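The values are calculated or read from the model by the stated rules, or taken from the named source; none is laboratory data. All values derive from a computational prediction rather than experimental measurement. As a convention, Cβ positions derive from the backbone with ideal geometry for all residues, glycine included, and neighbour counts pool all protein chains shown. Side chains included, ligands, DNA and RNA excluded: accessible areas come from the protein's heavy atoms. Shrake-Rupley method; radii C 1.70, N 1.55, O 1.52, S 1.80 Å.
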Amino acid sequence: MAGPFSLEGRHALVTGANTGIGQAIAVGLAEAGAKVICAGRRASDETVDLISQAGGTGSSVLVDFADPMAGNSLFDGQQIDILVNNAGIIRRDDAVDFSEADWDDVIDVNLKALFFTTQAFAKPVLARGGHASVVNIASLLSFQGGIRVPSYTASKHGVAGLTKLMANEWAAKGINVNAVAPGYIATNNTEALRGDPARNQAILDRIPAGRWGEASDIAGAAVYLCTPAARYVHGAILNVDGGWLAR
Ligand code: NAP
């Protein structure tokens, strides 16, 4: 039954949907009624299976955002009206030692690919009219500095800025652009942190909810931002962090 929280009849593409937060969002979008394309550098067979088990329709397409322009042809010949820019990487080293490769690799995937993939998504949407939604996956490091992750912090501050810029340009043209800023979520991305007992405890001590988040904790916020219920929400960055930033 269609309603303000339904995505029936919508077609979504989620980047980096084979695992973690992207997988949970892809399944959440399908549960809300969208048909979902999972775009990643590895096949998203597990996600497509989970979508089928939930009674939805999913498919998988290979794209490697190490080439930031790789998303250019993703939307050719098909009408997609929801884009979730989730694919992301992180590199850790002291700022004083940080390499140019670790800078470029992260900026290319997290920021440059996000911008040009969204541009490729928006062009046909703006040409045909109608409604569409973009959800970018930001981070606590869209607001805070972090430690030993300079290119990640720069990229996620950039994601927050681009979310607002694109919202400013497209809000009146039918495209909602927003972001979700996850807190500390137990995925591959945070394996190193969780494996360091001192860092793990320090993080847990500061989270009001008292636990690491699960990927599924992020899905609802991302799905909401794609629904008609969020039609007047533009340029927002929705923190889903167990209360971290409230502290
Ligand atoms: P993850 O499990 O490592 O997932 C990252 C996803 O991005 C994977 O599907 C990965 O594919 C994909 N990806 C990476 N490089 C790619 C490339 N060159 N081309 C295509 N796909 C690529 O980590 P996650 O925590 O779910 O991260 C998802 C997003 O949430 C990222 O943007 C991350 O920065 C953000 N985030 C995470 C946290 C957290 O605490 N976990 C907090 C804030 C923000 P592979 O499986 O092939 O590597």
*Relative to the longest principal Cα axis of the chain, at what angle does helix 113-128 sit, 0 to 90 degrees, rounded to 10?*
20
*asked:* As I understand it, the value is the acute angle between the Cα axis of helix 215-226 and the longest principal axis of the Cα atoms of the chain; what does it come to in degrees, rounded to 10?
replied: 40
_About the Cα centre, charge dipole magnitude for the chain (Lys/Arg +1, Asp/Glu -1 at Cβ), debye_ = 740
*Local charge sum around Ala87 (other residues, Cβ-Cβ under 14 Å, Lys/Arg +1, Asp/Glu -1)?*
0
*Angle between the Cα long axis of helix 150-170 and the longest principal axis of the chain, 0 to 90 degrees, nearest 10?*
30
*Per residue, how big is the convex hull around the C-alpha atoms of the range 11-246? Give it to me in cubic angstrom, could you?*
119
*Could you work out how far the C-alpha centroid of the range 151-195 sits from that of the range 42-102, in angstrom?*
14
*Considering amide H positions built from the backbone, and no H for Pro or chain starts, which residues 5 or more places from Val177, or on another chain, come under 5 Å of its amide H?*
Val134, Gly235
*With an 8 Å cut-off on Cα pairs and a minimum separation of 6 or more residues, tell me the relative contact order of the chain in percent.*
20
_For Ala122, net neighbour charge (Lys/Arg +1, Asp/Glu -1) across residues whose Cβ lies under 10 Å away_ = +1
*Quick one: dipole size for the range 84-179, taken about the Cα centre, charges +1 on Lys/Arg Cβ and -1 on Asp/Glu Cβ, in debye to the nearest 20.*
600
_Over the chain, with the other protein chains present, what is the accessible area per residue in square angstrom, probe 1.4 angstrom?_
45
_I'd like the accessible area for Lys164, computed on protein heavy atoms only with a 1.4 Å probe and all protein chains in place. Round to 10 Å², please._
100
*Measure out, as a whole number of angstrom, how far apart the alpha-carbon centroids of the range 1-15 and the range 105-139 sit.*
18
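Please find the FRET efficiency linking Arg194 to Asp94, where r is the Cβ-Cβ separation and R0 is fixed at 25 Å, and quote it to the nearest 0.05.
Details: r = 20 Å, r/R0 = 0.82.
The computed FRET efficiency comes out at 0.75.
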*Distant-in-sequence amide H partners of Ser60 (H built 1.01 Å from N, under 5 Å)*: Cys38
_Skipping prolines and chain starts, which residues have an amide H placed within reach, meaning under 5 Å, of the one on Asn239, given they are 5 or more residues away or on another chain?_
Ala181
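Starting from the exponent 0.38 and prefactor 2.2 Å, build the expected Rg for the range 132-241 from its residue count and divide its actual Cα Rg by it. Intermediate results must be reported in sequence, preceding the final value.
Values: Rg = 15.1 Å, N = 110, 2.2 N^0.38 = 13.1 Å.
Dividing the Cα Rg of the range 132-241 by 2.2 N^0.38 Å gives 1.15.
Taking a 1.4 Å probe, which of Phe5, Phe121 shows the most accessible area, and what order do the others take after it?
Numbers: Phe5 135, Phe121 0 Å².
Largest accessible area first, the list is Phe5, Phe121.
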*Among Asn189, Asn86, Gly242, pick out the residue whose Cα is farthest towards the positive end of the charge dipole of the chain, where Lys and Arg carry +1 and Asp and Glu carry -1 on C-beta, about the Cα centre.*
Gly242
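Quick one: pull the percent of accessible area on the chain belonging to carbon and sulfur, 1.4 Å probe, ligands and nucleic acids left out. Could the numbers behind the result be given before it?
Details: 5720 of 11050 Å².
Here it works out to 52 percent.
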*Which one of Val180, Gly16, Ile203 has its Cα pushed farthest toward the positive end of the charge dipole of the range 11-246, where Lys and Arg give +1 and Asp and Glu give -1 at the Cβ?*
Val180
*For Glu46, what accessible area in Å² do you get when you roll a 1.4 Å probe over the heavy atoms of the protein chains, rounding to the nearest 10?*
120
*What 222 nm value per residue comes from the helices of the chain, counting each DSSP H run with n ≥ 4 as -39,500 (n - 2.57) and dividing by all residues, nearest 500 deg cm²/dmol?*
-11500 deg cm²/dmol
